[in-house]
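One structure below.
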Amino acid sequence: MHFQSLPGQTVWSPEISWGTATSDDLVHWRQTDASLVPGPFEVGCWSGCVVTNDQGQECAFYTRVRTNALDRAQIAVARRAEHRLAWMSSEVDVVVDGPPDECVIAFRDPFVWRYGQGWLMIAGAGLAHGEGAVLAYRSTNLLA
């Protein structure tokens, strides 16, 4: 299980990581080290989801928060590091480079799922006049 985590902090800040807990029976859980931590190219690794691609590789799609752009985030993908619970992402692993329009003032929380022969992704958005929206994206290969 993955969850938003601020190791060593009791007050919210944007430097969020993905904490991880494992369980053999879904009743008793053991917290492990953070599995996705911000790289030098991002401030925080916010919420997202995990899917398994056509090659059997797990992919974590997440809200990548950049310096001075907390609401206009990117959607990035991280892949599981070999034989570990940790995820690895690089500066170029961006699948959506922010919201498509200036009237979108908040953009985050991707959710990806298989649909037919391709993939769909939705992301939450906040509009300048105060309403919420959902943005939808389609991909054949989970890369673009």
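The values are calculated or read from the model by the stated rules, or taken from the named source; none is laboratory data. Source: prediction; values computed, not measured. Surface accessibility is based on the protein's heavy atoms, side chains included, excluding ligands, DNA and RNA. Shrake-Rupley method; radii C 1.70, N 1.55, O 1.52, S 1.80 Å.
Over the chain, accessible surface divided per residue gives 59 Å², non-protein components excluded, 1.4 Å probe. For Arg79, the accessible area of its heavy atoms, probed at 1.4 Å with every protein chain present, is near 60 square angstrom. Once the stretch 1-58 is represented by equal point scatterers at the alpha-carbon sites, with solvent omitted, what log10 I(q)/I(0) does the Debye formula produce at q = 0.30 Å⁻¹? Taking Cα atoms of the stretch 1-58 as identical point scatterers yields -1.18. Normalising the average separation of contacting C-alpha pairs (under 8 angstrom, six or more residues apart) by the number of residues puts the relative contact order of the chain at 15 percent. Normalised by the number of residues in the stretch 1-62, the mean separation of alpha-carbon contacts (under 8 Å, six or more apart) gives a relative contact order of 27 percent.
Find the eigenvalues of the gyration tensor of the Cα atoms of the chain, then list the square roots of 5 times those eigenvalues as equivalent ellipsoid semi-axes, largest first, in whole angstrom. Walk me through the numbers on the way to the answer.
Numbers: eigenvalues 117, 82, 40 Å².
Square roots of five times the eigenvalues give 24, 20, 14 Å.
Taking the protein heavy atoms of the chain in the context of the full set of protein chains, the accessible area attributed to carbon and sulfur is 55 percent at 1.4 Å. Please report the base-10 log of the normalised intensity I(q)/I(0) for the stretch 59-121, using a Debye sum with one equal scatterer per alpha carbon and no solvent, at each q in 0.13, 0.17, 0.19, 0.20 (1/Å). Computed log10 I(q)/I(0) values: -0.40, -0.66, -0.79, -0.85.
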